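Visitor: Okay, here's the structure, questions in a sec.
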Amino acid sequence: MNAQEHQGWLLVAPATLLFVGIVATPLAMTLLLSFNGWSSTQGIVPTLTVQNYAEILSDSFFAEIFLRTLRIALWVTLICVLIGAPEAYILRRMREPWRSSFILVVIGPLLVSVVARTLGWALLLGGNGLIPLALHRLGLTSSPVSLMFTETGVVIALVHVLVPFMVLSVWASLARMDPATERAAQSLGASQITIFLRIVLPQAMPGILSGGIIVFSLAASAFATPAIIGGRRLKVASTLAYDEFLNTLNWPLGAAIAVLLLVGIVAIVVGWNRFIERRYSQVFAS
Amino acid sequence: MPYLALENIRKAYGPAVAVDRLDLGVEKGEFISLLGPSGCGKTTTLQMIAGFVEPTQGAIALDGIDLSRLAPEKRGLGIVFQSYALFPHMTVAANVAFGLEMRRVGKAEIRQRVEQALAMVGLADKGGRYPRQMSGGQQQRVALARALVIRPAILLLDEPLSNLDAKLREEMQLELRQIQRQSGTTTVLVTHDQQEALALSDRIVVMNQGRVEQIGSPFDVYERPGSAFVATFLGRTNTFSAEPTSRGLAVAGHVMMPGERPATISIRPEKVDFTTDGDGLPGRVLTRVFQGNHWLLHVETPDGLCLVIRPNDGRPVPGEGETVVLAFRARDASLSLAGSTP
Amino acid sequence: MRNGPLAVVFHAVFVVFLLAPMVLVCLVAFTPEGFLSIPTTRFSLRWFERVAQYPDFIAAFRTSLFVATAASLIAVLFAVPAALAIARYRFTGREALNAFFMAPLMIPHLVLGIAFLRFYSLLGISGTMAGLIIGHVVVVFPFAMRMVLAAATGMDKRIEDAATALGADRITTYRRIVIPLIIPGMASGFALAFIQSFDEVTMTVFIASATTTTLPVRMFTYIQDSIDPLICAVSALLILFTVLAMLVIDRFYGLQRLFIGEDKS
């Protein structure tokens, strides 16, 4: 051990101890908890059993909720890509001072409480809200139909909550792009659409993909928004776990749901990363 | 014993050797340059003198005192970094005063010495500014003032002028030289710029791949390069392979200079002349480029391209496509015997 | 390159989409009616007056401020040495530790909430202020760490060498050079951590008790019961508070940039 090692470890020691004590330990305990038994009379039974997992994996009620969570997260990710990436590109092409003010408009909502933003969507999506009324006026629905407690409503609100992450992520990769590549394509006779599809999009891809991962994992584990817009009627994995903990008081089952949610998200994110890496190495090799 | 003595210094990072078998003595008041391409070990050498890097082997002594046991902050050396490394949160005056504060110099004396130092670098009225408010050249001067104000035993300059544009660099070279002469501070300069080393130094240490190639005065190193590396690194040079004949060394059958053994002839472009009489190497002018104070010609000879520099002094210079005969004086050429690697 | 008309329309729709819910909440807050409606002819402050009479929200706001301040301070204090070590020392486990410190970003807050709920109930500190603050320290630590780390890595190592060469010992170098240079990073780390903590709902729902409820959690539970102009007024105030904080931070960053300047190396 040299001086670098000593001093380095000495300096990181406090934060490391803090993290081991208050992150690693509780997480390990939660994992243990998910293998405990439970009865309505005794509460938590300190045995080692896979009964919680068996229950979740065999019951179609749980399967439906997990599938819904996945479906919502995928839709949110897709829509965020479709509107966030073009918006980042448009922002990049703006002139100052428009650019910096609109970047503030994009970042701003990230700082506003999720609860306040979701409340806005509850007002917009509810039976007397602007969106059902507009849909009715446009003749798309025969009467104003509330989008509250629907998957569509949850998806719309979550897109609103998460799309700034996508814009920022794409923005970051576009910032590394040499603007001359666009002019070069233009000088070679490419149309605006061709430039976007063949020149800009490939260079924005790393940002889109990493933004996608962020949006997906946050959408899959989102709590406040689905709890308010989806309510008790439209449960997702996180609100289900919440109910098990604070209403049913079946902590082991709730812990098992949380563990499965975490494992599921990590598996999808890791798989996604692998896929991207493989694809990308091919793209750059050819 | 020299003022600063480096003895048999070696620095290895694992299997990679940065500096090897380095012996160097610097006299008091001398201005010495470590010159070489990037990765030649010159910066590592400077860092070892400064104490930021520990030599794997060897000893460094200053005025007879072993430096190796002295922490960098106790060595009392003045350093000007390539990035200047000014303290961005302190005014120029506070930057310069810092080293004096560390030495617990009294307030009044600090003020006086800071003033003097800033006046010396021509920034007498800029003490209240912050580094970011100054130009590159000015920041450079602040860095120099900060290093000199502590009256260092040695001034270490790490590529101090490389961030300046060409014109400013030339001005600063003159100024640096003047300030150094005036203060009489022993100075070690690290640079990859041969022009800078030639202009500033009393002696130049040419380094390559961790080894010293040659140590000598700028004139010596330039005029009598000790190796093919030195010859090509310092200025441009033409090389010809020569065979001995009964009348002397010949290039492609044309006798150029005296000599008895096969050798490589190195000759500077500005030492090659066109001749109309006597022996010489025939050639044809491929390109001729005007460069203001001189002409640059590429001449095709039977032994490859030859670079010729002719001053723009009113004498006619052959045009492109003309055939010419090249000649040079034997004392301007340096020989390395064939088969021996420099 | 300029944006075409299609791009401008797209951008306008996007901005409306982003701002609409917040604007709507603020509008509804000014309704003179007793029910949810957008005021058309008359604006009223009656719901804001009601907020002032509602001690729950005031207390929750105070708790939020306190928790966010305490958690962010603690996070920054722990982050400074760790960031300095990771930025400036090469030691085994450095990369792994960096990833470890960033981990709370990857773990869903729901899982953290559950983990703390279980942990605290075993330790017997459920529902305490200390527990709440510790939880928030974990959540905001990566943000504090990231900003301090950026400041520490952005610093020219030669600046420290320069101080050393001028005779400053290790402590003096830290006190006079290193710390002043990373203070902007600490300040932005604190600001970012504060915002994250102040907005946190998901984890807090699990570990806050009736006496330690934060504002977002109080709002969340209120909304689950009913949505009325009162909660809109609370949200409007929160949005106003956020906008003000943003302006202050923007201003503050600007000043910091002026003070530190751009690194030209």
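The values are calculated or read from the model by the stated rules, or taken from the named source; none is laboratory data. Given the structure is predicted, the values throughout are model-derived calculations rather than measurements. Because the Cβ atoms are built from the backbone with ideal geometry, glycine has one as well, and the counts that use them run over all protein chains shown. Only protein heavy atoms, including side chains, enter the accessible area calculation; ligands, DNA and RNA are left aside. Shrake-Rupley method; radii C 1.70, N 1.55, O 1.52, S 1.80 Å.
Visitor: For segment B:6-81 and segment C:106-159, what is the separation of their Cα centres, given in Å?
Guide: 45 Å
Visitor: So what's the back-of-envelope 222 nm ellipticity for chain C, counting only DSSP H runs of four-plus at -39500 (n - 2.57) apiece and dividing by all residues, rounded to 500?
Guide: Values: 12 runs with 203 residues, N = 265.
Calculated from helices alone, the mean residue ellipticity at 222 nm is -25500 deg cm²/dmol.
Visitor: Follow-up. Out of the DSSP beta bridges found with both residues in the protein assembly as shown, what percent are antiparallel (nearest 5)?
Guide: Just about 75 percent of them are antiparallel.
Visitor: Further question: Counting pairs of alpha carbon atoms under 8 Å apart in space and at least six apart in sequence, what relative contact order in percent does segment C:1-44 give?
Guide: Averaging sequence separation for qualifying contacts and normalising by length gives 23 percent for segment C:1-44.
Visitor: Also, quick follow-up: Which of the peptides A:83-96, B:48-61 is most tightly packed, and how do the rest follow, going by the mean number of other Cβ atoms within 10 Å of each residue? Walk me through the intermediate numbers first.
Guide: Numbers: A:83-96: 20.1, B:48-61: 18.5.
The packing order, highest mean first, is A:83-96, B:48-61.
Visitor: Same structure again: Taking every Cα atom in segment C:61-260, find the radius of gyration and the maximum pairwise distance Dmax, and write them in Å.
Guide: Taking only Cα atoms of segment C:61-260, I get Rg and Dmax of 19.5, 67 Å.
Visitor: Over all directions, how big on average is the projection of the convex hull of the alpha-carbon atoms in segment B:238-337, in square nanometres?
Guide: Working: hull surface 23.8 nm².
Mean shadow area of the hull around the Cα atoms is 6.0 nm².
Visitor: Another question about this same structure. Roughly how much of C:Thr69 is accessible, in Å² to the nearest 10, using a 1.4 Å probe?
Guide: 60 Å²
Visitor: Something else about it: Would you tally the net charge around A:Ala255, using a Cβ to Cβ cut-off of less than 10 Å, leaving A:Ala255 out, and scoring K and R as +1, D and E as -1?
Guide: Summing Lys and Arg as +1 and Asp and Glu as -1 gives 0.
Visitor: What does the charge count near A:Phe66 come to, summing +1 for each Lys or Arg and -1 for each Asp or Glu among other residues with Cβ under 15 Å from its Cβ?
Guide: Surrounding charge for A:Phe66 is -3.
Visitor: Something else now. Quick one: net charge around B:Pro318, please, counting Lys, Arg +1 and Asp, Glu -1 for every other residue with C-beta under 10 Å from its C-beta.
Guide: +1
Visitor: Beyond a 31 Å Cα-Cα separation, which of these cross-linked pairs lie in this structure: B:Lys74/B:Lys167; B:Lys42/B:Lys167; B:Lys11/B:Lys167; B:Lys11/B:Lys107? Display every interim value, and only then the final one.
Guide: Details: B:Lys74/B:Lys167 37 Å; B:Lys42/B:Lys167 25 Å; B:Lys11/B:Lys167 36 Å; B:Lys11/B:Lys107 41 Å.
Too far apart for the 31 Å limit: B:Lys74/B:Lys167; B:Lys11/B:Lys167; B:Lys11/B:Lys107.
Visitor: I would also like to ask the following. What ranking do A:204-211, A:151-158 get when scored by the average of other Cβ atoms within 10 Å per residue, highest first?
Guide: A:151-158, A:204-211
Visitor: What is the extension gain from B:Arg224 to B:Glu260, computed as 0.36 nm multiplied by their sequence separation minus the C-alpha to C-alpha distance, in nm to one decimal?
Guide: That works out to 11.0 nm of additional length.
Visitor: Would you tell me the accessible area of B:Arg268, worked out with a 1.4 angstrom probe on the heavy atoms of the protein chains, in Å² to the nearest 10?
Guide: Roll a 1.4 Å probe over it and B:Arg268 shows about 10 Å².
Visitor: Another question, then. For a quick check of understanding: with a 1.4 angstrom probe and all protein chains in place, what accessible area in square angstrom does B:Ile309 have, to the nearest ten?
Guide: 30 Å²
Visitor: What value does chain A have for Rg/Rh, both radii from Cα atoms and Rh as Kirkwood defines it?
Guide: 1.05
Visitor: Over all residues in B:75-85, what is the mean tally of Cβ atoms on other chains that come within 10 Å of each residue's Cβ? Write out the running numbers ahead of the final one.
Guide: Numbers: counts 3, 3, 3, 3, 6, 2, 8, 2, 8, 6, 11.
Mean inter-chain Cβ contacts per residue within 10 Å come to 5.
Visitor: Relative contact order (percent) for chain A, with alpha-carbon contacts under 8 angstrom and 6 or more residues of separation?
Guide: Relative contact order for chain A comes out at 25 percent.
Visitor: Here is a further query. Counting only other chains, what is the mean number of Cβ atoms within 10 angstrom of the Cβ of each residue in peptide A:104-111?
Guide: 5
Visitor: A further question on this structure: What percent do you get for the relative contact order of chain C when only Cα pairs under 8 Å and 6+ apart count?
Guide: Computed value for chain C: 31 percent relative contact order.
Visitor: How many Cβ atoms of partner chains, on average, are near each residue of A:92-103 if near means within 10 Å of its Cβ?
Guide: 2
Visitor: So, one more: Can you compute the helix-only [θ] at 222 nm over chain B? Use -39500 (n - 2.57) per DSSP H run of at least 4 residues, normalise by all residues, nearest 500 deg cm²/dmol.
Guide: -7500 deg cm²/dmol
Visitor: Here's another thing I want to ask about it. What span do the alpha-carbon atoms of the protein assembly as shown cover on each of the three principal axes, reported in whole Å from largest to smallest?
Guide: Principal extents (Cα only, largest first): 114, 69, 60 Å.
Visitor: Here is a follow-up. Per DSSP H run of n ≥ 4, the term is -39500 (n - 2.57); total these for chain A, divide by its residue number, and report the mean residue ellipticity at 222 nm rounded to 500 deg cm²/dmol.
Guide: Rounded to the nearest 500, the figure is -23000 deg cm²/dmol.
Visitor: For segment C:1-69 and segment B:233-312, write down the distance between their C-alpha centroids in whole Å.
Guide: Their Cα centres are 84 Å away from one another.
Visitor: If we sort A:125-137, C:187-199, C:214-226 on the protection proxy, mean other Cβ atoms within 10 Å, highest first, what's the order?
Guide: C:187-199, C:214-226, A:125-137
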